[in-house]
Amino acid sequence: MERQIDVKPGRQAAKKAASALVFFAVVAGGIMIAGPDVAYPWIKSLHVIAIISWMAGMLYLPRLFIYHSDCDPSSDQARTFSVMESRLMKVIMNPAMVVSWILGLYLAWQVFEFQGGWLHAKIAAVVALSGVHGYFSKAVKSFGRGEYIRTPRFWRMMNEAPTLLMIIIVVLAIVKPF
Ligand code: HEM
């Protein structure tokens, strides 16, 4: 019987994500052609949809690392966690991060001409968040090789990093305090 962690379902999930990304790109491209006045609310909506998907992965992945760290690296359970982690990263988090950046930079350029202390601080915080994303991506590969580089306690603490950065970024984006 086929199991979800087998290669075929993984390929199907990746194909679905790729077609969603193409659909996103066509819609965003079409809207941008309509000009900034029309595009602004639509692009901002697509931006928020992309960051929600990105954050869902950033908040969930360290939870998987915590439980994965308790497994025997050669067990079926560890294999299941590895497949879950790498699909979350490849099929959801990586595309969502790319779309968040492209649409965020479009808004920053077209609407705000990269002006505003809140926007500079926000971009700095998103660069830090992207750094955490990169660290998680490296960890997915280590776990995939059965190398548990950190303790469950470390991943519990690391879980707070995307949470704190998300709070700072959303307040900067909506309140624009400076
Ligand atoms: C990747 C780099 C990013 C850039 C350059 C960027 C830039 C922007 C810009 C220029 C706006 C429009 C603000 C307005 O219309 O008032 C915006 C909206 C928004 N961004 Fe981002 N953003 C980025 C990533 C993120 C991330 C990672 C999050 C959340 C974790 C986020 C959350 C939001 C929210 C909630 C809004 C809506 C704000 C509102 O309607 O008032 N952004 N972003």
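The values are calculated or read from the model by the stated rules, or taken from the named source; none is laboratory data. All values reported here derive from a predicted model rather than from experimental measurement. In this analysis, Cβ positions are derived from the backbone assuming ideal geometry, glycine residues included, and neighbour counts consider all displayed protein chains. We work out accessible area using only protein heavy atoms, side chains counted, and drop any ligands, DNA or RNA first. Shrake-Rupley method; radii C 1.70, N 1.55, O 1.52, S 1.80 Å.
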Inset, instruction - Among the residues of segment 147-178, count how many are open to solvent by less than 30 Å² (accessible area, probe 1.4 Å) and of a type outside the set (A, V, I, L, M). - result: 3
Legend entry - Odd one out for residue 25, checked against (1) near the ligand (Cβ under 9 Å from one of its atoms); (2) within 20 Å of the chain's Cα centre (by Cα); (3) open to solvent by 50 Å² or more (accessible area, probe 1.4 Å): (1)
Legend entry - Residues of segment 148-178 that turn out to be touching a residue at least 12 places away in the same chain (Cβ under 8 Å), more than 14 Å from residue 120 (Cα to Cα) and not β-branched (Val, Ile, Thr), as a count: 11
Legend entry - Residues of segment 126-178 satisfying the condition of being in a helix (DSSP H, G or I), under 15 Å from residue 63 (Cβ atoms) and away from the ligand (no atom under 15 Å from the Cβ): 139, 140, 143, 152, 153, 154, 155, 156, 157, 158
Inset, instruction - Return yes or no: is residue 41 within 16 Å of the ligand (Cβ to nearest atom) and surrounded by fewer than 17 Cβ atoms within 10 Å (Cβ to Cβ)? - result: yes
Inset, instruction - Determine which single condition residue 85 fails, assuming it passes every other condition in (1) away from the ligand (no atom under 13 Å from the Cβ); (2) over 23 Å from residue 7 (Cβ atoms); (3) among the acidic types (Asp, Glu). - result: (2)
Legend entry - The listed residue being part of a helix (DSSP H, G or I), aliphatic (A, V, I, L, M) and at pLDDT 95 or above, out of 92, 66, 31: 66
Inset, instruction - List every residue pair whose Cβ atoms sit under 8 Å apart, with the two residues 6 or more apart in sequence or on different chains, where the first one lies in segment 96-108 and is touching a residue at least 40 places away in the same chain (Cβ under 8 Å) and the second, anywhere, is open to solvent by 20 Å² or more (accessible area, probe 1.4 Å) and more than 6 Å from the ligand (Cβ to nearest atom). - result: 96/53; 97/130; 99/21; 99/24; 99/46; 103/46; 106/32; 107/40
Inset, instruction - Return the only residue of 117, 104 being over 30 Å from residue 6 (Cβ atoms) and more than 8 Å from the ligand (Cβ to nearest atom). - result: 117
Inset, instruction - Pull up segment 44-70, narrow it to residues that are of a type in the set (A, V, I, L, M) and away from the ligand (no atom under 14 Å from the Cβ), then point me to the one that is nearest to residue 134 (Cα to Cα). - result: 61
Inset, instruction - Would you please list the contacts, defined by Cβ atoms under 7 Å and residues six or more apart or on different chains, that run from a residue in segment 115-140 that is under 17 Å from residue 100 (Cα atoms) to a residue that is of a type in the set (Phe, Trp, Tyr) and within 12 Å of the ligand (Cβ to nearest atom)? - result: 119/112
